[in-house]
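The values are calculated or read from the model by the stated rules, or taken from the named source; none is laboratory data. Quick caveat: nothing in here was measured; it's all calculated off a predicted structure. Note that each Cβ is placed from the backbone with ideal geometry, even for glycine, and that neighbours are counted across all protein chains shown. Surface areas here come from the heavy atoms of the whole protein model, side chains and all, with no ligands, DNA or RNA. Shrake-Rupley method; radii C 1.70, N 1.55, O 1.52, S 1.80 Å.
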Amino acid sequence: MKFPLRGIHHTFHFNQPQTIHSGLRERKRNKKQGFQTRSIMRRIPLCLTCVLATMSALAQTPVSLDSCRTLALGNNKAIRIAEENVKGAGHLRDAAKAAYLPGIDFNGGYVYNQHQIALLGEDAKLPTMSFDPKTMGYNYNILTGADGKPVLNPANGQPIPSEVAVIPKEAMSYDIHNVFFGAFTLTQPVYLGGSIRALNEIARHTEGIARSARELARQNVLLDVDQAYWQVVSLAEKRALAQSFVNLVDSLRQNVGIMLEQGVATRSDVLQVDVKYNEACIMLTKVDNGLSLSRMALAQVCGLPVGTPMTLADEGSEGNFNPHVGATGDNINEVYARRADLGIIREGIDLLKSKENLSLSAMLPKVAAFGAWSFSNPNVIDGFEKKFGGGFSVGAMVSIPIWHWGGNYNKYRASKSQTNAQRLLLEDMEEKVSLQVSQARYSYNEAFKTYDMTVANMKSATENLNNAQYAYMEGVLTTDDVLAAQTAWLKAKSELIDSEIGIRLCRVYLDKVLGTL
């Protein structure tokens, strides 16, 4: 008789209960694995959906400059590396502090010896002494002859003892074939010539260098983000400008075509406008490609996939540009204090000064206290026993350098030379920073003057274009004059866009130079 199990294609007999149970267990296991697989497969589309939703949100919601900065600071690899360097420097500083505290160590070992120790080469025969009541002292038991005189040994001329005490060789032989030993030690530095304090100062200045490097990396990332952001805005405006120019030339082309039909224009005018229209289309294509690449560069700086579509908040904000005030006159010493790169050099000077103290400590005495509990098997604490035994011991150590042929002193002098070189480097960098600040301020003020001139040029070019178009319709000017006016208008508009973006970029660069970015 057969018993079919639902969900299993095989049949089983009643006289095979173990086979039935194993099939049920296999079915539960397959069901559990299938559930886990389905769970994982459900998570994959969910993750993809989250990524796509984020990219869609970036494409639909305008992204501001602050948002791009936040994304870059959170995703940039250089800043994350700088953060790890700061953490590592902090751990080194904690490790340097631990040098003030006592250290506890354990050392142990095992030694196998081929031979045992035998303190005697053969049985030892020692002369004995007896108490003499007459002299109230002990006298050696010496063999005497018939005349009462001691009998001498012909070999060495010494008296022959009448009695000896025998020490067997085996009694002074010890088994040291297998030796186990170990010790717990505690060492407390008392005075090491100032080396511990110098190491702590080095660790502290190393951490300061890492923090300054992190700040420098942050400023560089912000500068890159701002440059990429305004590059996209600039190309977006130029793209709109190129499209406007294409439309403008296309309108002129249609008008020239109508005038050709009416016999007012010539075929040469039509061809000339067609060439200009094709050039405008090519320019629009180049601007489109540059804009796409600039968006990719901005996404990469922000730590996003390069294909992430991003719409910037400042795109299409033409006419809303309000230039900032001119460059401020910060005190140059305050600029020196804010600059992260100068901070790295200053911390380097302090670090090298600490290395001077470390080199000096090699010429000073060193004192340390220690305590230990040591043990061994066999041990000789109470005779020679083949078992573990040990005890405590305490002490102090003093090390005083006396003469090393000027080696330590020359190391100290080399450290002082490195410190002096770092100070000269700081002075040189401060001079360069002062020049850099002056150049940035001049560039910023020059950007305002350029902007004012481009605004005036734009007004003139717009008025000239309108007049040229009107005069052409009236038959006063030629097609060449209109095309020249359109080209001048395009150039003036492009220069206006460049001047607006130039002010923003000069402001960002000035903030970085002043250390306020």
May I ask for the Kirkwood hydrodynamic radius of the stretch 182-305, worked out over all distinct Cα pairs and given in angstroms to one decimal? 20.7 Å
Evaluated at 25 °C and 0.890 mPa s, the Stokes-Einstein D of the chain based on the Kirkwood radius over Cα pairs, in µm²/s, stands at 70 µm²/s
To the nearest 20 Debye, how big is the dipole of the chain about its Cα centre, given +1 on the beta carbon of each Lys and Arg and -1 on that of each Asp and Glu? 2400 debye
In whole percent, what relative contact order does the stretch 368-437 give with Cα contacts below 8 Å and a gap of six or more residues? 23 percent
So what are the ³J(HN,Hα) numbers for the stretch 502-517, from phi and the Karplus equation (6.51, -1.76, 1.60; θ = phi - 60°), rounded to whole Hz, Gly and Pro as x? x, 4, 5, 5, 5, 5, 5, 5, 5, 4, 5, 5, 7, x, 10, 6
Ellipsoid equivalent to the stretch 81-204 - semi-axes via the Cα gyration tensor, in Å: 70, 21, 12
Counting every Cα pair in the stretch 379-517, what percent are over 17 Å apart? 79 percent
Spelling out what I want: for every residue of the stretch 271-279, take phi, set θ = phi - 60°, compute 6.51 cos²θ - 1.76 cosθ + 1.60 (Karplus), and round to whole Hz; glycine and proline get x. 5, 5, 5, 4, 4, 5, 5, 5, 4
Quick calc of log₁₀ I(q)/I(0), the stretch 290-437, Debye, one scatterer on every Cα, no solvent, q values 0.15, 0.17, 0.19 1/Å, result -1.01, -1.07, -1.11
Among the aspartates and glutamates, which have Cα under 14 Å from the Cα of Lys97 when same-chain residues fewer than 8 positions away are ignored? Glu201, Glu207
Considering only C-alpha atoms, what is the centroid distance from the stretch 406-478 to the stretch 138-210, in Å? 82 Å
For the full complex of protein chains and a 1.4 angstrom probe, list Lys449, Lys512 by accessible area with the highest value first. Lys449, Lys512
Just to confirm the number: angle between the C-alpha axis of helix 65-75 and the first principal axis of the chain, 0 to 90 degrees, nearest 10? 30 degrees
Expected 222 nm ellipticity per residue - DSSP helices of 4 or more, -39500 (n - 2.57), all of the chain, to 500: -22000 deg cm²/dmol
Hey, what does the equivalent ellipsoid look like for the stretch 130-181, semi-axes from the Cα gyration tensor as sqrt of 5 times each eigenvalue, largest first, whole Å? 38, 17, 8
